[in-house]
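Heads up, the thing below is written out as C-alpha cells.
The values are calculated or read from the model by the stated rules, or taken from the named source; none is laboratory data. Note that the structure is predicted; figures quoted are calculated from it, not measured. Cβ coordinates were reconstructed from backbone atoms using ideal geometry, including for glycine residues, and neighbour counts include every protein chain displayed.
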Amino acid sequence: MGEKGEPKAVVCAQEALNLLNCVTQSPYDQDKCFHLLHSLRDCVLAKKVKKFSLAGQEQQDTKPSRQKA
C-alpha cells in the first residue's frame with residue numbers, strides 16, 4: 001500500500017494493460033499494438049524492470065524443481 005492507504009502503483013502497469021487490451025480488440029490494429037509494445041518497452045527500460053508477475057502467482061523460477069530420477 002502507498003501513502004494514506006492508497007494501493008501501491010505497479011511499475012509500467014498502464015502500458016502493459018494498454019497492450020493487453022489492444023491485442024484483444026477486434027479488428028486487430030497491428031500498428032496501434034506495435035506502438036503500445038514500444039511504449040511498454042520504453043517504460044521497462046526507463047524503470048529498470050527485471051520481471052513481471054501476476055497477483056497471487058507463485059515464484060516458480062526461484063524454487064528448485066524436484067524431479068524424480
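Return the pair list, or none, for Cβ contacts closer than 9 Å from residues in segment 19-34 that are hydroxyl-bearing (S, T, Y) to residues that are surrounded by 11 or more Cβ atoms within 10 Å (Cβ to Cβ) and assigned to a helix (DSSP H, G or I), at least 6 apart or on different chains.
Listed by first residue and then by second, the contacts come to Y28/C22.
Mind counting the residues in segment 11-27 that are under 13 Å from R41 (Cβ atoms) and assigned to a helix (DSSP H, G or I)? Working first, answer last.
Taking segment 11-27 and keeping what is under 13 Å from R41 (Cβ atoms), we get 12, 15-16, 18-19.
Applying the additional criterion that residues be assigned to a helix (DSSP H, G or I) yields 15-16, 18-19.
Here the count works out to 4.
Considering only segment 26-69, state which residues are modelled with pLDDT under 95 and of a type in the set (S, T, Y).
Answer for segment 26-69, where residues must be modelled with pLDDT under 95 and of a type in the set (S, T, Y): S53, T62, S65.
Any chance segment 9-16 includes a residue that's touching a Cys at 6+ places or on another chain (Cβ under 8 Å), modelled with pLDDT of 70 or more and either on the phi > 0 side of the Ramachandran plot or of a type in the set (S, T, N, Q) (or both)? Please lay out each step first, then the result.
Keep residues of segment 9-16 that are touching a Cys at 6+ places or on another chain (Cβ under 8 Å), which gives 11-12, 15.
Pick out the ones that are also modelled with pLDDT of 70 or more and you get 11-12, 15.
Retained after the next criterion (residues that are either on the phi > 0 side of the Ramachandran plot or of a type in the set (S, T, N, Q) (or both)): 12.
Yes: one or more hits.
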